[in-house]
Every structure is written in structure tokens, then in C-alpha cells.
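Here the structure comes first, spelled out in C-alpha cells, and everything after it is commentary.
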Amino acid sequence: MDQGGYLNKIFRTIEKYRLVEKGDKIFVALSGGKDSAAVLFALKKFNEERDPDFEIVGFHINLGTIGSEKIQEIVEKQCELAGVKLVVFELKKEGIDLGEIAKKNRRPICGVCGVIKRYLMNKIPRELGATKIATGHHGDDILVFFIKNILGMNYSWIGKFRPKAESDNPKLLTKIRPLFFVGRKENEEFVKNLGVPYVQESLCIYFKEKIKLYEKTNKWYDIIDRLESEAPGFKERLLNSVIKMSTYFESEDQLKFCKICGEPTNTEICAFCRLTGKTKNSKL
Ligand code: AMP
Ligand code: ZN
């Protein structure tokens with residue numbers, strides 16, 4: 001797909017689902033990878049070309065594992081090229097050691113990392129005045145996740161499958177996914193064409209833990225790619241159907257506030273506090 005067509009698809013998503021508004025302060029969650037870099041540059045281009053006048057800030061969580069410094073450097077470079085401010089949250093500096101937490105809780109490190117990232121991606125930008133957080137989730141991600149959940153008869157996630165996940169909880173930031181209707185390969189082509197540096201997922205030292213999962217996901221990626229080439233428009237039609245379906249599965253559970261940290265959760269004590277053993281007097 002040419003760059004114009006790619007950006008048009010993203011711009012249409014932003015406008016149709018009202019992902020941005022004038023005066024927004026949007027934090028883009030940057031992992032260092034191609035997808036989140038694509039969000040950064042697509043939002044920047046949208047701001048320049050359609051002039052809705054919002055602020056873009058880069059946000060990166062330095063996970064404090066081997067290779068994290070290199071990843072941070074790449075994220076810094078991405079933000080420099082985009083001309084946006086970057087906020088970095090360093091786990092090690094805040095006394096959070098992923099390996100230690102995983103060991104203590106006897107949980108796989110990738111699961112621990114996910115909980116910690118989700119928590120901080122909401123808390124830190126919100127405290128810094130963000131109105132929304134943008135992530136690099138793309139159409140292929142959503143379709144594969146959707147298919148896996150359907151096959152596993154797990155319908156509770158379907159309510160979340162949309163380009164904009166708004167919340168009525170004042171402490172939960174609205175999440176936007178501008179790449180909802182584009183795929184991983186198009187994102188890669190876009191950032192490559194712009195000459196933006198990015199890291200490969202496999203740079204994570206815990207990648208080995210995830211390799212089986214990645215292989216399975218890749219298989220599904222191939223399947224949906226094949227379906228798309230056999231029946232052009234398949235992905236877009238299914239994504240639209242997923243959005244419609246999500247309205248039938250809207251989550252009804254009211255979010256509460258964690259008894260320890262006060263952050264939004266659907267349990268008494270949030271997953272972050274349970275994992276980190278945080279108490280009321282802890283700093284974070
Ligand atoms: P993942 O769960 O690793 O597939 O990442 C999903 C999205 O979360 C990415 O597209 C990014 O927008 C964001 N993200 C992942 N890792 C980080 C990180 N270390 N710092 C900031 N945002 C991240
Ligand atoms: Zn908590």
C-alpha cells in the first residue's frame with residue numbers, strides 16, 4: 001500500500017471514531033518497536049495536515065533489563081525525529097525489578113511485565129496531564145486476539161475491541177488505537193520509508209519465554225493474510241464487525257479504586273499492588 005493510502009486509512013479512523021479533539025494532550029506509549037513508532041508519526045502528520053491542534057508527548061517505560069538502554073536510545077531518537085517531548089519512566093530507578101517480582105510471585109516474567117506496563121501507562125501519563133493514551137495495537141493484532149478469544153469461548157474481552165476505549169472512571173485514561181484498520185507489515189513499511197529507527201521484538205531478553213506464543217500468533221497472522229488475499233476486504237469487514245460486536249459485550253462491572261494505591265481496578269487490591277507487595281506508605 002502506498003504511503004498516502006496508508007495514512008488516509010489512519011486519518012479516516014481518527015476522524016470517524018473521534019480519536020482526537022482540539023486541546024488533547026495525547027501520550028503515545030512507545031515500546032521502541034515499529035508499531036508504536038508508526039502511531040507517533042501518523043498522529044504527528046494528522047496534526048500537521050488536518051490541524052486539529054493537539055499536543056503529542058512520547059512515553060516510554062524503561063524495563064530495566066539487558067538491552068533496555070539501547071531501546072531507550074532508539075525511542076529518544078524517534079521522538080527527536082518527530083520533534084516531540086519524551087517522558088521516560090525507569091523501573092529500576094523506582095525500585096521495580098521485574099525479575100525479582102516474577103520470582104517472588106512465581107509468575108512468568110512476561111505476565112508481570114504486562115501488568116506493570118498497563119498500570120504505569122495509565123497512571124503516569126494521567127498524573128502528567130494526559131487526556132488520552134495511544135498504543136500501537138493494529139488490525140492484525142486485534143483480529144488474531146479476537147479469533148483466539150472466540151475459539152477459547154472467552155467473550156469478556158470483546159467489549160474492549162474498538163479504536164477508542166473510553167471510560168467513565170475519572171482515573172482511567174481513554175485509550176486510542178489509531179492503527180485499528182492497518183496491519184503490521186504496512187506499519188513497518190511506513191516507518192522504514194520515513195527512515196525511523198526501531199527495535200525488533202526479539203531484542204527482549206525474555207523473548208525465549210514468549211517464543212511459542214509468537215510462533216502461534218505468527219501462524220494466525222499468516223492465516224488472516226491468506227484470507228485477505230483470497231477475499232480482499234476480509235480484514236476490514238471483520239474489523240468493522242468486531243467493533244459492532246463489541247457494543248453487545250460492553251463491560252458492566254463498575255471499576256473500583258484500589259484500597260492501597262487508589263488506582264482503578266475491578267478487585268479490592270489492584271494487580272500492581274498485589275504483585276509488588278506495595279503498601280499504603282510506599283513511594284510509588
Ligand atoms: P505489547 O503489549 O508489548 O504488544 O505492547 C502493546 C503496546 O503497548 C505497544 O504498541 C506500545 O504502544 C505499548 N508499549 C509496549 N511496551 C512499552 C514500553 N516499554 N513503554 C511504553 N509503551 C509500551
Ligand atoms: Zn493498587
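Annotation: of all residues in the stretch 226-278 being near ligand 2 (Cβ under 10 Å from one of its atoms) and of a type in the set (Ser, Thr, Tyr), the one that is surrounded by the fewest Cβ atoms within 10 Å (Cβ to Cβ) is 267. Taken as a whole, the structure leaves residue 23 outside the set of residues that are within 16 Å of ligand 1 (Cβ to nearest atom), surrounded by fewer than 21 Cβ atoms within 10 Å (Cβ to Cβ) and either more than 15 Å from the chain's Cα centre (by Cα) or of a type in the set (A, V, I, L, M) (or both). Quick check on my filter: what residues within the stretch 94-123 are free of Cβ contacts under 8 Å to residues at least 24 places away in the same chain and either within 15 Å of ligand 2 (Cβ to nearest atom) or not in a loop (DSSP other than H, G, I, E, B) (or both)? Those that are free of Cβ contacts under 8 Å to residues at least 24 places away in the same chain and either within 15 Å of ligand 2 (Cβ to nearest atom) or not in a loop (DSSP other than H, G, I, E, B) (or both): 100, 102, 103, 111, 114, 118. Take the residues in the stretch 129-151 that are away from ligand 1 (no atom under 12 Å from the Cβ) and surrounded by fewer than 19 Cβ atoms within 10 Å (Cβ to Cβ), then tell me which one is nearest to the chain's Cα centre (by Cα). Only one residue tops the list, namely 131. Inclusion of residue 14 among residues that are part of a helix (DSSP H, G or I), crowded, with 18+ Cβ neighbours inside 10 Å, in contact with a Phe, Trp or Tyr (Cβ under 7 Å, 6 or more places away or on another chain) and of a type in the set (Val, Ile, Thr) is warranted. Where helices (runs of 4 or more DSSP H) sit wholly within the stretch 157-273, none has at least 3 residues that are aliphatic (A, V, I, L, M) and touching a strand residue (DSSP E or B) at 6+ places or on another chain (Cβ under 6 Å). Is there a residue being surrounded by 15 or more Cβ atoms within 10 Å (Cβ to Cβ), free of Cβ contacts under 8 Å to residues at least 24 places away in the same chain and over 21 Å from the mean Cα position of the chain (by Cα) anywhere in the stretch 76-86? Looking through the stretch 76-86, none of the residues is surrounded by 15 or more Cβ atoms within 10 Å (Cβ to Cβ), free of Cβ contacts under 8 Å to residues at least 24 places away in the same chain and over 21 Å from the mean Cα position of the chain (by Cα).
Computed from the coordinates by the stated procedures, all read-outs in this text should not be read as laboratory data. What you see is a predicted model; the values in this text were computed from it and never measured. Every residue, glycine as well, gets a Cβ built from its backbone with ideal geometry; the counts of neighbours run over all protein chains shown.
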